[in-house]
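I have placed the structure first, in the form of structure tokens, so that the comments after it can refer back to it.
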There are 2 protein chains.
Amino acid sequence: MFETVSENRCFDGVQGVYSHDSDVCGCNMTFGLFLPEEAAEGPVPLLWYLSGLTCTHENAMTKSGAQAWAAEHGIALAFPDTSPRGEGVADDDAYDLGQGAGFYVNAVQEPWAPHYRMWDYVATELPRLLFNNFALDEERQAITGHSMGGHGALTLAMNHPGRYASVSAFAPIAHPSMSDWGRKQLTAYLGTDTDAWARHDATLLMREGGFAGPVLIDQGASDQFLDLLKPEALAAAIAEVRQPGTFRMHEGYDHSYFFVSSFMEDHVSFHADALYR
Amino acid sequence: MFETVSENRCFDGVQGVYSHDSDVCGCNMTFGLFLPEEAAEGPVPLLWYLSGLTCTHENAMTKSGAQAWAAEHGIALAFPDTSPRGEGVADDDAYDLGQGAGFYVNAVQEPWAPHYRMWDYVATELPRLLFNNFALDEERQAITGHSMGGHGALTLAMNHPGRYASVSAFAPIAHPSMSDWGRKQLTAYLGTDTDAWARHDATLLMREGGFAGPVLIDQGASDQFLDLLKPEALAAAIAEVRQPGTFRMHEGYDHSYFFVSSFMEDHVSFHADALYR
């Protein structure tokens with residue numbers, strides 16, 4: 001079913017890394033899972049953390065500092081990979097296409113279609129594996145992510161009403177259908193029919209009605225990728241549809257994990273409020 | 001004097017990386033420095049973090065989670081490298097000798113002597129650079145470290161009475177003159193005269209009188225390197241000389257940064273108590 005790659009005791013819980021043969025992606029996939037101490041007593045809430053371009057399951061697991069706060073609230077953390085991997089899986093020389101850049105969609109275009117199905121992987125296959133095998137409460141899920149992972153978190157949350165109690169994002173790719181971080185990948189994976197893009201654009205989804213729960217977006221004002229992220233489009237949409245939520249622009253912060261870790265406590269607390277309501 | 005490699009806003013302060021030509025090591029050296037927000041108002045206390053085998057300045061800076069707690073207490077963090085680096089600097093194929101394994105001594109044996117002077121670098125040259133160029137209070141210093149860096153922290157602290165207000169260590173190499181993590185390196189760098197080793201062995205220094213301030217040692221009970229670290233020797237010495245301090249053995253924890261980060265809050269709080277006394 002799955003293999004244990006490593007398990008390390010961490011904040012009285014366990015930070016595990018596991019691998020499994022993914023039917024959806026047609027390759028072996030690796031993910032991280034932090035289980036707090038409370039999981040030994042019974043199912044705990046689960047916060048999904050989706051990572052950005054170039055990342056694996058490992059970056060946030062080692063650099064975001066999330067376990068400290070998850071342990072404080074008795075919440076588990078899932079860290080999926082960002083794409084299918086391995087020989088035989090299509091790739092591209094660019095850092096922002098192919099392996100490490102799955103964009104949380106199901107590709108229908110060649111050469112990506114056979115393996116690049118990160119939407120189904122994160123929305124369906126990996127949840128089934130986690131809820132079947134670990135002490136996790138399927139009725140209490142929340143989701144967050146950084147950059148491309150923020151895009152994934154927002155689009156998954158708005159496309160699955162009722163599944164996630166809350167959604168947050170750190171510097172998300174907020175309007176991919178109007179950005180070079182988006183048009184290139186959506187064209188490659190989904191084709192030129194932009195109707196198919198709409199459910200993978202957080203700003204468009206927000207304009208269509210938003211999310212039935214609280215939303216938290218943090219963005220660094222000195223982010224080197226502001227032109228690509230387009231936070232202004234999402235902020236405007238949040239205001240237009242009167243989405244309950246918080247959008248924060250933080251002076252001086254950039255796109256790095258130093259930004260993510262600085263506000264991780266706020267995000268985990270935000271989700272804990274929703275998960276334990 | 002020094003070059004700025006990067007500066008990232010982090011917990012309302014700045015996580016910087018800087019490089020400089022080291023006279024002591026005869027090569028270019030890189031270090032990390034976290035300055036909390038309070039440093040903009042005037043000099044702040046400084047906690048040194050010395051890293052372990054194979055690490056650079058970067059590992060603890062990205063994986064220990066220390067900035068969260070340092071920011072809370074208004075304390076700066078210095079992250080030196082673990083050895084001289086570069087072409088022309090002697091090295092060894094083993095992970096535990098040469099580059100990445102300076103052991104915080106001044107080598108007198110060839111081929112190490114010209115560059116491997118990490119003792120003088122961490123005790124003298126880097127402090128001068130830091131106190132001359134950043135808003136740091138030389139009268140309020142403390143020191144910690146992990147594994148080989150725990151060895152460095154303890155031996156630097158006990159050899160410089162009055163300099164550091166407090167010393168702590170995560171899974172330190174506690175008795176190197178009686179361990180394969182120690183005998184090999186001390187022989188290579190210092191030669192076979194074991195008298196010269198004594199000031200680089202925390203257990204021997206503790207037996208000679210210990211440290212004039214509080215000591216905190218954390219050790220994982222499932223550490224895969226317990227036989228090499230020899231915590232029992234240091235714990236016994238602490239008890240024998242009635243050293244004020246705390247030695248904690250933590251069930252289930254191993255040697256990884258998941259262990260270090262789990263107890264980092266305690267260490268920073270421990271040093272803050274001494275630095276703000």
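Looking only at region A:14-49, which residues are in a strand (DSSP E or B), of a type in the set (A, V, I, L, M, F, W, C) and in contact with a Pro (Cβ under 8 Å, 6 or more places away or on another chain)? Walk me through how you get there before you give the answer.
Here is the first cut: in region A:14-49, the ones in a strand (DSSP E or B) are A:14-22, A:27-35, A:44-49.
Now restrict to residues that are of a type in the set (A, V, I, L, M, F, W, C): A:14, A:17, A:27, A:29, A:31, A:33-35, A:44, A:46-48.
Matches in region A:14-49: A:Cys27, A:Met29, A:Phe31, A:Val44, A:Trp48.
Inspect all residues belonging to region A:166-177 and state whether any of them is buried (at least 19 other Cβ atoms within 10 Å of the Cβ) and farther than 25 Å from A:Val268 by Cβ.
So the first thing to find is which residues in region A:166-177 are buried (at least 19 other Cβ atoms within 10 Å of the Cβ), and the list is A:166-176.
Still in the list and also farther than 25 Å from A:Val268 by Cβ: A:175-176.
Checked against the condition, which is being buried (at least 19 other Cβ atoms within 10 Å of the Cβ) and farther than 25 Å from A:Val268 by Cβ, region A:166-177 yields at least one hit.
Tell me, which helices (runs of 4 or more DSSP H) lie completely within region B:193-277 with 3 or more residues that are over 24 Å from B:Arg163 (Cβ atoms) and either in contact (Cβ under 8 Å) with a residue 12 or more places away in the chain or away from chain A (no Cβ under 14 Å) (or both)?
Numbers: elements: B:202-207, B:226-229, B:231-240, B:257-275.
Output list reads B:226-229, B:231-240, B:257-275.
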Checklist line | Where a residue in region A:46-71 is closer than 20 Å to A:Thr155 by Cβ and its partner, wherever it lies, is part of a helix (DSSP H, G or I) and open to solvent by 20 Å² or more (accessible area, probe 1.4 Å), with Cβ under 6 Å and at least six apart | finding: A:Ser51/A:Asn59
Next item on the list: Output the qualifying pairs, or none if there are none: Cβ atoms under 7 angstrom, residues six or more apart or on different chains, first residue in region B:93-108 and in contact (Cβ under 8 Å) with a residue 24 or more places away in the chain and over 15 Å from B:Ser51 (Cβ atoms), second residue open to solvent by 10 Å² or more (accessible area, probe 1.4 Å) and part of a loop (DSSP other than H, G, I, E, B).
Entry: B:Ala107/B:Ala113
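One line per residue, one yes/no per condition, for (1) assigned to a helix (DSSP H, G or I); (2) closer than 25 Å to A:Lys63 by Cα; (3) open to solvent by 10 Å² or more (accessible area, probe 1.4 Å):
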site	(1), (2), (3)
A:Tyr121	yes, yes, no
A:Leu126	yes, yes, no
A:Asn132	yes, no, yes
A:Glu138	no, no, yes
A:Thr144	no, yes, no
A:Gly150	yes, yes, no
A:Leu154	yes, yes, no
A:Ala157	yes, yes, no
A:Gly162	no, no, yes
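Can A:Ser222 be described as under 26 Å from B:Glu7 (Cβ atoms), more than 18 Å from the chain's Cα centre (by Cα) and either open to solvent by 40 Å² or more (accessible area, probe 1.4 Å) or not aromatic (Phe, Trp, Tyr) (or both)?
So A:Ser222 passes the test.
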Check: Regarding B:Asp93, is this residue farther than 23 Å from A:Lys63 by Cβ and not hydrophobic (A, V, I, L, M, F, W, C)?
Finding: yes
Next item on the list: Being assigned to a strand (DSSP E or B) and in contact (Cβ under 8 Å) with a residue 24 or more places away in the chain is the filter; apply it to region A:3-13 and report the residue that is farthest from the other protein chains (Cβ to nearest Cβ).
Entry: A:Val5
Next item on the list: Would you check if B:Thr192 is open to solvent by 40 Å² or more (accessible area, probe 1.4 Å) and either modelled with pLDDT of 95 or more or over 24 Å from B:Glu265 (Cβ atoms) (or both)?
Entry: yes
Notebook entry, point to check: Can you find a residue in region A:27-45 that is of a type in the set (A, V, I, L, M), away from every other protein chain (no Cβ under 14 Å) and under 24 Å from A:Ala101 (Cβ atoms)?
Noted result: yes
Note to self: Anything in region B:225-254 that is of a type in the set (S, T, N, Q) and surrounded by 18 or more Cβ atoms within 10 Å (Cβ to Cβ)? List them, or say none.
What the structure shows: B:Gln243
Note to self: Go through (1) modelled with pLDDT of 95 or more; (2) assigned to a loop (DSSP other than H, G, I, E, B); (3) under 24 Å from B:Glu3 (Cβ atoms) for B:Asp92 and report which single condition fails.
What the structure shows: (3)
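Is it the case that region B:55-64 has a residue that's within 14 Å of chain A (Cβ to nearest Cβ), modelled with pLDDT of 95 or more and assigned to a loop (DSSP other than H, G, I, E, B)? Walk me through it before giving the result.
Pass one, region B:55-64, residues within 14 Å of chain A (Cβ to nearest Cβ): B:55, B:58-64.
After this cut, where a residue has to be modelled with pLDDT of 95 or more as well, the list is B:55, B:58-64.
Next cut, assigned to a loop (DSSP other than H, G, I, E, B) only: B:55, B:64.
Checked against the condition, which is being within 14 Å of chain A (Cβ to nearest Cβ), modelled with pLDDT of 95 or more and assigned to a loop (DSSP other than H, G, I, E, B), region B:55-64 yields at least one hit.
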Next item on the list: Identify the single condition in (1) surrounded by fewer than 21 Cβ atoms within 10 Å (Cβ to Cβ); (2) touching a residue at least 40 places away in the same chain (Cβ under 8 Å) that A:Gln185 does not satisfy, given that it satisfies every other one.
Entry: (1)
Note to self: Just the residues that are open to solvent by less than 10 Å² (accessible area, probe 1.4 Å) and in contact with a Phe, Trp or Tyr (Cβ under 9 Å, 6 or more places away or on another chain), please, taken from region A:98-110.
What the structure shows: A:Gly98, A:Ala101, A:Gly102, A:Phe103, A:Tyr104, A:Val105, A:Ala107
Notebook entry, point to check: With respect to the numbered conditions (1) assigned to a loop (DSSP other than H, G, I, E, B); (2) in contact with a strand residue (DSSP E or B) (Cβ under 6 Å, 6 or more places away or on another chain), which one is the sole condition not fulfilled by A:Thr82?
Noted result: (2)
Margin query: Looking for something within 20 Å of A:His146 (Cβ to Cβ), away from chain B (no Cβ under 14 Å) and either of a type in the set (Asp, Glu) or free of Cβ contacts under 8 Å to residues at least 24 places away in the same chain (or both) - is there at least one such residue anywhere in region A:80-89?
Written below: yes
Item checked: region A:63-101 - residue that is in contact with a Pro (Cβ under 7 Å, 6 or more places away or on another chain) and hydrophobic (A, V, I, L, M, F, W, C) and, of those, farthest from A:Tyr276 (Cα to Cα) -> A:Ala90
Checklist line | Criterion: crowded, with 18+ Cβ neighbours inside 10 Å, more than 14 Å from every other protein chain (Cβ to nearest Cβ) and over 23 Å from A:Trp197 (Cβ atoms) - qualifying residue of A:His73, A:His115 | finding: A:His73
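The values are calculated or read from the model by the stated rules, or taken from the named source; none is laboratory data. What you see is a predicted model, and the numbers here were worked out from it, not measured in a lab. Heads up, the Cβs are rebuilt from the backbone with ideal geometry, glycines too, and the neighbour counts pull from every protein chain shown. Heads up: the accessible areas ignore ligands, DNA and RNA and are worked out on the full protein's heavy atoms, side chains in. Shrake-Rupley method; radii C 1.70, N 1.55, O 1.52, S 1.80 Å.
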